[in-house]
Amino acid sequence: MTSRFHKLSRSFYARSTLEVAADVVGKYIVYDSPDGKLVARIVEVEAYVGQDDPACHAAQGRTRRNEIMFGPPGYAYVYFIYGMYHCLNFVTEPENHAAALLLRAAEPVEGIDIMSRLSPGKKPIDLLSGPGKFCRSFGLTREQNGIDLCGDTLWLEDRHEPQPEIVRMSRIGIKEGQDRLWRFCDQNSPAVAHHS
């Protein structure tokens with residue numbers, strides 16, 4: 001079965017963040033979790049690029065929290081915000097160029113019973129329809145920070161499906177850098193937050 005799907009390699013992530021953002025929508029994220037295998041189709045991401053992006057965690061330079069963003073591409077950057085939500089990012093661009101994609105929304109494909117246990121009372125399409133919801137339903141925390149996305153625990157897959165219709169919008173929930181249309185969404189996905 002896996003022969004039809006191929007795991008995205010380091011070189012996929014080692015490119016311009018905006019190129020990766022356009023290509024990653026429609027790909028699948030797979031997590032070999034302690035509770036079982038979870039799979040979802042990525043439908044919304046936001047790009048955060050470098051130290052001249054005021055909304056990027058690296059804007060203030062390198063810290064212990066954002067260290068992973070400066071490292072090699074193809075690693076998971078998981079951070080904790082508002083004292084309650086975890087957010088998953090994919091580190092992009094060559095080493096020492098801090099950039100990442102925030103996974104904003106996905107559609108559940110496999111392991112929905114596990115996701116529903118972690119986020120009770122949600123309809124399947126709402127389980128992963130936001131960055132905090134995604135991490136909670138996938139069981140991701142700061143413990144997964146720094147996981148190699150080219151390894152065997154958490155990875156992205158190309159399932160060779162047609163590229164979705166992608167729309168670009170302004171990023172959500174930030175005070176600065178809203179003029180950049182760096183949110184990439186599958187226009188036809190019900191899991192996407194369509195407010196601009």
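Data for the structure
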{"item": "Net charge of neighbours whose Cβ lies under 12 Å from the Cβ of TYR48, counting Lys and Arg as +1 and Asp and Glu as -1", "result": "-1"}
{"item": "Gain on full stretching of the segment that runs from LYS123 to SER9 - 0.36 nm per residue minus C-alpha separation", "result": "37.8 nm"}
{"item": "Anisotropy class of region 1-78 from Cα gyration tensor, a/c 1.5 cut", "result": "prolate"}
{"item": "Aspartates and glutamates whose Cα lies under 15 Å from that of LYS122, excluding same-chain neighbours fewer than 8 positions away", "result": "GLU107, ASP113"}
{"item": "Choice from GLU110, GLU161, GLU95 with maximal GNM fluctuation in the chain (Cα, 10 Å cutoff)", "result": "GLU161"}
{"item": "Gyration tensor verdict on region 99-190 (Cα atoms; rounded if a/c is under 1.5, prolate if a/b is larger than b/c, oblate otherwise)", "result": "rounded"}
{"item": "Calculated Kirkwood radius over Cα pairs in Å (choose from (i) 16.5; (ii) 19.3; (iii) 18.0), label", "result": "(i)"}
{"item": "Spacing of the two label points (7 Å from each Cα toward its C-beta) at ILE81 and SER16, in nm", "result": "2.5"}
{"item": "Region 16-142, dipole about Cα centre (Lys/Arg Cβ +1, Asp/Glu Cβ -1), debye to the nearest 20", "result": "540"}
{"item": "Highest-fluctuation residue, ASP53, ASP179, ASP113 considered, GNM on the chain with Cα pairs under 10 Å", "result": "ASP179"}
{"item": "Leading residue at positive end of dipole, region 4-103 (Cβ point charges), from MET84, GLY36, ALA59", "result": "GLY36"}
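Each reported figure results from applying straightforward, stated rules to the coordinates on display, with no laboratory input. These figures come from a predicted structure and were not determined experimentally. Heads up, the Cβs are rebuilt from the backbone with ideal geometry, glycines too, and the neighbour counts pull from every protein chain shown.
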